[in-house]
Every structure is written in C-alpha cells, then in structure tokens.
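Inspection log for the structure reproduced underneath, given as structure tokens.
The values are calculated or read from the model by the stated rules, or taken from the named source; none is laboratory data. If you're wondering where the values come from, they're calculated on a predicted model, not measured in any experiment. For neighbour counting, all protein chains shown are included, and Cβ atoms are generated from backbone atoms with ideal geometry for every residue, glycine included. Ligands, DNA and RNA are excluded from the accessible area calculation, which covers all protein heavy atoms including side chains. Shrake-Rupley method; radii C 1.70, N 1.55, O 1.52, S 1.80 Å.
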Amino acid sequence: MRAPIGHFDTAAPAPYRLDELPGPVADAVRRWSGSVPAERIVHVDTDPQWADTAVFVEHYGRELLEQSANCVVVAGKRGGETTLAACVVLSTTRVDVNGVVRRRLGARKASFAPMDLAVGETGMEYGGITPIGLPSSWPVLVDAAVVDLPYVLVGSGRRRGKLLVPGKAFTELPGAVVLEGLGLPVG
C-alpha cells in the first residue's frame, strides 16, 4: 500500500498492523467505530532514531512538517485534584498550556505531565504517545487546525512507527473536544 501522505517503505492499514502497536492503541483500533473506517488509519514503519518531529521530517520529507501533529499529556491541578488530559496540536505550534488548557480543565495550574506519569498512565512510549488508545476518562483536546487536514501524521504509541490519521477521525475519539487556538505559533 502507498501511504496517503509522505514517502514510506512500509505502510498498511492499522487493523493489519496490530502487532506493531502497544496494547492500548491496538485495542482502540480493534474497537474503532465511527464515520471514518479503521482501515483509513495507516501505520507506517519508521526508524525510532528519527522519531522526534524535527529529525523525522529531515529524514522522511520536510513537507510532512505541515501535516504532523504532536500529542502531549498535561496535568491540571486544582485543590489537590489532578486531571490528566491529552493535547493534539500541529507540530508547527506549541500547546497553550497556561491559557486554553488551564481554562478548559478548570485548573488553577496546568503543566506538562512528568514523563514517568505520562508513560505509566498511557501504556505508551515517551516520544510516541498518540491520542488513539488513551484512557477513556481523559479529555482529548484537539486544535481545530488538526481536524481540518485530510491526513495527519502522529505517534503510534511507540517510537518505532507512526500513524497517518484522517483529520476528521480526531473528532470521534473518546473525550475529544475540538478547540480553536489550542496550538500557538512557535516563537
């Protein structure tokens, strides 16, 4: 199969690559329902040494930078309570943690979750966390610009491999909330 975006040696519908996905992601693909068929989510095999976005696009094609998104785990705190959430923004932007995220979570303080907490709670590898397969109780905050793209490159849950996901599919994730301005320009 040819990937819908980018130039990858190995691409296949995610339901046919469950063995390449961590448990929570594979389970979410198995249970996938909605207007976007699971077969339209594509797994591409990539080298883990190029997993970070900047290095990835240098190796696999600069045009992917405008079609890539990062998924980060944030922790909102208020009165001793912590709420974990995922934020999905274009790779060319940064998450508005202290503005949009803090207000949306009703938190007094919001910050990026510590690596061990993010990995432990998601069952995914740091640097490969994806919004597919997150705990269903989590809000998944998605920047509107991500939803507008035909396909978006995101992590697969591992540092090896990525997922190509139709932008519309992000609206159908459990806990998904589409927000304008979640991603701020870098700089």
Check: Do the conditions hold for Val146, that is, is it within 26 Å of Pro13 (Cα to Cα), open to solvent by less than 30 Å² (accessible area, probe 1.4 Å) and in a helix (DSSP H, G or I)?
Finding: yes
Next item on the list: Pull up segment 36-60, narrow it to residues that are among the small types (Gly, Ala, Ser) and modelled with pLDDT under 95, then point me to the one that is most open to solvent (accessible area, probe 1.4 Å).
Entry: Ala54
Check: Pick from Asp45, Asp9, Asp52: which is of a type in the set (Asp, Glu), touching a residue at least 40 places away in the same chain (Cβ under 8 Å) and more than 29 Å from Ser137 (Cβ to Cβ)?
Finding: Asp45
Notebook entry, point to check: Where residues in segment 16-33 are farther than 16 Å from Gly155 by Cα and modelled with pLDDT of 95 or more, which of them is surrounded by the most Cβ atoms within 10 Å (Cβ to Cβ)?
Noted result: Trp32
Check: Can you name every residue in segment 145-170 that is touching an Asp or Glu at 6+ places or on another chain (Cβ under 6 Å) and within 22 Å of Leu84 (Cβ to Cβ)?
Finding: Arg158, Arg159
Margin query: I want to confirm something. Restricting to segment 75-91 and keeping residues that are aliphatic (A, V, I, L, M) and closer than 16 Å to Gly133 by Cα, which single residue is nearest to the chain's Cα centre (by Cα)?
Written below: Val88
Notebook entry, point to check: When you scan segment 107-131, how many residues do you find that are at pLDDT 95 or above, open to solvent by less than 40 Å² (accessible area, probe 1.4 Å) and out of contact with any Leu (no Cβ under 7 Å at 6 or more places or on another chain)?
Noted result: 5
